[in-house]
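The values are calculated or read from the model by the stated rules, or taken from the named source; none is laboratory data. Only a predicted model underlies this, so the values are computations on that prediction, with no experimental measurement involved. A quick note on method: Cβ atoms are made from the backbone with ideal geometry, for glycine too, and the neighbour counts reach across all protein chains shown.
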Amino acid sequence: MNDLSVLDRLHGIAVGAALGDAFGMPLEFKPAVQLHKILRSLTPGRLPAGTFTDDTEMALALAESLLAVHPLNGNDLAQRFLDWYRRDPDDIGNQTRSILENIAHRKDWEKVAAESLRFRPDSAGNGSVMRCWPIAIAWWNCLPQLIADSALQSRVTHPHPECVSGSVFVNAWIAGLVQGKTALDAFDQALSDVEMPRELRLVLKQAPSLRREALVNSGWARHTLQTAAWAVLTTSSFPEAVIQAANLGNDADTGAAVTGAVAGAVYGLGAIPADWRAQVHGEWPIHSGKTWFEADLTALADRLAQIQS
């Protein structure tokens, strides 16, 4: 595989994730859209059309932490997440909020995460799965480091085994795609390479065969992973994968963000509609006055890709 093709896929991951996030934004917390009314263009919601949300904001914080210290450092990442939280984001998941509030008071993220897992052992939200893609861009050709950093970024806020292994799985799937495997072959390889709870493995294996009506697309990590697997493996283009994921409603932005990252690796930046790419944007750091566009996302991917060089 030539370098240009790899770069196109890496760019596709970053832009695809942000676009999926933005596409799902107006459909978040709503019921699944009926097939004859399906939304096929970027649309305003609580934010202007094309605006990314906390899914991408947390991914950018993760990316900047990895660029500053690599391999990833949990203390640095926890501090960057806390800085983001203190800027009062427009949206934040309940699990993430709880963890960061406790870190703010007690400082030690490892103790906070351990206590969270002990007192809320069933808390398996999708907050770490939604943001994990920068690790795949940096370590797509180094599976051991990809596994280690994917797991670490999850443990800071989402230590549940399904969240940790789900983040590793997404990034292992993406890495296989960047290496040139087909969507299904990379999916199967990731399932083989990544240790995960038996129930999650079963959910993923069954996902491509599900009917649309069976998809919940909730804030549970396994449902987000199920959505991404279904959307990518039952469609044949980047737009259709994202459209199908977002129109499931419920946690639409997260389901579509993870789908967008994976589909971006499948099809590359060039397969993402130009009018979508022209519209994607968001403020980063939040409330800083600095707006990010497609070029900023591709430049970030370039910097992450240089970590291995």
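Summary table below
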item	result
Qualifying positions in the stretch 293-302 - buried (at least 16 other Cβ atoms within 10 Å of the Cβ) and assigned to a helix (DSSP H, G or I)	E294, D296, L297, T298, L300, A301
Failed item in (1) in contact with a Gly (Cβ under 8 Å, 6 or more places away or on another chain); (2) at pLDDT 95 or above; (3) of a type outside the set (D, E), with L77 passing the rest	(1)
Odd one out for S123 among (1) of a type in the set (S, T, Y); (2) modelled with pLDDT of 95 or more; (3) over 15 Å from the mean Cα position of the chain (by Cα)	(2)
Among (1) surrounded by fewer than 18 Cβ atoms within 10 Å (Cβ to Cβ); (2) under 20 Å from D302 (Cα atoms), the one test that W139 misses	(1)
Test: residue in the stretch 258-280 that is free of Cβ contacts under 8 Å to residues at least 40 places away in the same chain and outside any helix (DSSP H, G or I)	yes
Test for G127: is it under 30 Å from S309 (Cα atoms) and either touching a residue at least 60 places away in the same chain (Cβ under 8 Å) or of a type in the set (D, E, K, R) (or both)	yes
Long-range neighbours under 6 Å by Cβ, at least six apart or interchain, first residue free of Cβ contacts under 8 Å to residues at least 12 places away in the same chain and assigned to a helix (DSSP H, G or I) within the stretch 63-79, second surrounded by fewer than 19 Cβ atoms within 10 Å (Cβ to Cβ) and not basic (K, R)	D76/V69
Candidate set from the stretch 92-120 (those that are small (G, A, S) and loosely packed, with under 15 Cβ neighbours inside 10 Å); member that is farthest from L47 (Cα to Cα)	A114
Residue among P31, P44, P89 that alone is surrounded by fewer than 23 Cβ atoms within 10 Å (Cβ to Cβ), free of Cβ contacts under 8 Å to residues at least 60 places away in the same chain and part of a loop (DSSP other than H, G, I, E, B)	P44
